[in-house]
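Beneath this line is the structure, given in structure tokens, with notes to follow.
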Amino acid sequence: MSESKDPRKTFGEALVEVGEKYGTVIAISADSSGGSGMTPFKEKFPDRHLEFGIMEQGVIGFASGLATTGKIPFVVAIAPFVTARPFEMFRNDLGYMRQNVKVVGRCAGISYSDLGPTHQSLDDVALIRTIPGVTVLNPADPVEIKKVVHAAADITGPCYIKIGKEKMPVLFEENYPFELGKGYLVRDGKDVTLIGTGTVFANAHAAAEALKKEGVDVRLIDIHTLKPFDSGIVLKAAKETGTIVTVEEHYLAGGLGSIVCETLAREGVCTKVKMIGIDDQFASNGPYDDLLGLYGLLPDQIKETVKGFL
Amino acid sequence: MLTPQELKTLQKTALQVRKNVLREIKAGKMGHIGGALSIVDIVTALYFKIMNIDPKKPLMRDRDRFVLSAGHKCLALYAVLAERGFFDHSVLDTYGSLGSKLPGHPDMHKLPGVESNTGALGHGLSIAGGMAMGLKMDGLGSKVYVIMGDGELAEGSNWEAAAASSHHKLDNMLVFVDRNSLQISGRTVEVMSYEPLEERWRSFGWGTRIINGHDIETIVKAAEEFPFEKGKPSVVIADTVKSKGISFAEDRVDFHYWKAKEEEILQAEQEFAAIDRRLEE
Ligand SMILES: Cc1ncc(C[n+]2csc(CCOP(=O)(O)OP(=O)(O)O)c2C)c(N)n1
Ligand SMILES: [Mg+2]
């Protein structure tokens, strides 16, 4: 097993790096700084760390106003509280106003497994990707967390970055080919394509390894940028492998699986697609791995689903 | 302080802004007239006496900012921006047409001088707070001016922003509450009471003042004297009359949004002409 890292700690390191790179980067906390890995940033740049208390609607507006003066605010808190809660502020103050604000939803998906649906975020991608001009990022490992934080800081415009809570295994090399807006072909294959995103990409990765041992030639794609979406890599996979399985810690409605199906339908491509994720229900509560198991998101389950689908 | 001549000039400008509002209504045949006319004297004072702005350089870094939190009052904003020279008056005639630079709620990417995209009530104060904060961080002396509706104050998000603005000591921010005492469904205190209004703001850590929102001299004085208390954001509760200047529409709830008949527009034009004559005397 490779080394694993705490995504929030990794995010916090990345924030310090972009803070060093750009003197205009501001960290915004809604009583959420420590839990978001922002303590090192706060210690290093105390004047650029702004505390607002528990006002997730307010902070989005303040971030928008700060951005109009040339700042690059990073607003970081528990995922549902910076997406579903202030959705209209996100849409109008950041999207419609086209402000250079980076919203980071942490402990996303069902990673607050024990805390239940109020704290889980299975709709954030579905919601935020409807907002024109917002870049939606969902990194798959600690190396990629750093890549997306840097990429978000480098571009001008609103971004949503989704990160989990559980430690993530390091899957990628420091210098792997990361390109914003492009899917990453992790391994080629011709029997079936497995497309994963974010926290559970590692499980798709493990499933792909196991399938390969069993003689199934799996193509594996990591989608770190859900919007703008790399339709080319999906259309190519549909053409070359025929069958697609998507894996995400999100509702089936509106997430990666939906995006893949929309892409195929728009292009008139008829391909078998299986979507693995959480269907139309509020998720349960309990240990994280047990919950993932409930929704078929563990490596063995993904492997079996793929085999059963071939 | 204003000289009598300056006051007269500002009053004439305010009338011209009212005429511009009517011109927009004439073009679009309808619009949010009531809340626009209640803020005309305030925006005129701000744009013609108070704010550090340059219509030739609408994005000048150290400019003062104006956020119209109650975005539906935008006919007044467009009217004053045109009068101040941000764009040609002829643009006012496009109100209501497809793709006009003057949407029913303002869009900063369409029109120079517009600083934020408001319209959904309860957003502007946070955005303005962020601007005030950013300007302070940059060591600029710029000020941020905001206009809110009195009905708008029912939105909880405003009170998040009110708390944060005092917590962060944003004494470079001046808010006008346009207390025209009406909103869509009736008298504001009956729909959802904001009383005790001044105490609410005070208890949130703001310096307060109550004025007549049509008395340009008093508006200018308040804007020149803020912050009312050191280290605190300031709020002016401006008592106004909805649809101010058009007698048959004044203080009437059904003129929140006006589907204007031709004869009504004609009468309004005549009333403005009469005010014009009075000011010339
Ligand atoms: C969030 C939101 N809810 C509802 C509306 C619809 N709306 C437009 S104006 C208005 C009344 C506003 O009253 P007030 O703030 O007193 O402004 P005035 O009408 O006096 O100009 C309402 C409810 C809106 N624009 N935004
Ligand atoms: Mg009102």
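Computed from the coordinates by the stated procedures, all read-outs in this text should not be read as laboratory data. The shown structure was predicted, so the numbers you read here are calculated from the model rather than taken from an experiment. Neighbour counts are summed over all protein chains in view; Cβ atoms, including those assigned to glycine, are modelled from backbone coordinates with ideal geometry.
What the table shows:
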{"item": "Estimated vicinal HN-Hα couplings, Hz - the range A:287-302 in sequence order (Karplus 6.51, -1.76, 1.60; Gly, Pro = x)", "result": "x, 3, 5, 5, 5, 4, x, 4, 10, x, 9, 7, x, 4, 5, 4"}
{"item": "0 to 90° range, to nearest 10: angle between helix A:231-241 axis and chain A longest Cα axis", "result": "20"}
{"item": "Exercise: per-residue mean of other protein chain Cβ atoms within 10 Å, A:18-26", "result": "1"}
{"item": "Dipole of the range A:184-309, positive end: most advanced residue of A:306, A:241, A:216 [Cβ charges, Cα centre]", "result": "A:241"}
{"item": "Out-of-range pairs (alpha-carbon distance over 26 Å; input B:19/B:56; B:8/B:261; B:26/B:73)", "result": "B:8/B:261"}
{"item": "Contact order normalised by residue count of the range B:4-280, Cα under 8 Å, 6+ apart, percent", "result": "23"}
{"item": "Amide H contacts of residue B:30 (H built 1.01 Å from N, under 5 Å, at least 5 apart or other chain)", "result": "B:260"}
{"item": "Those lysines that a straight Cα-Cα span of less than 21 Å connects to residue A:182, excepting residues fewer than 8 apart in one chain", "result": "A:102, A:146, A:147, A:162, A:190, A:227, A:236, A:239"}
{"item": "Peptide A:85-95 - average C-beta neighbours from other chains (10 Å radius)", "result": "3"}
{"item": "Lysine pairs within the range B:108-222, Cα separation less than 23 Å, 8 or more sequence positions apart or different chains", "result": "4"}
{"item": "Sequence ranges B:233-241, B:167-175, ranked by mean other-Cβ count within 10 angstrom, highest first", "result": "B:233-241, B:167-175"}
{"item": "Between helix B:4-28 and chain B: long-axis angle, C-alpha atoms, 0 to 90°, nearest 10", "result": "70"}
{"item": "Computed P(r) (all Cα pairs; the range A:124-187; 5 Å bins; percent)", "result": "3, 16, 27, 24, 19, 8, 2"}
{"item": "Simple spin-label estimate for residue B:90 and residue A:174 in nanometres, 7 Å along Cα-Cβ", "result": "6.1"}
{"item": "Cα convex hull of chain A - mean projected area over all directions, nm²", "result": "14.5"}
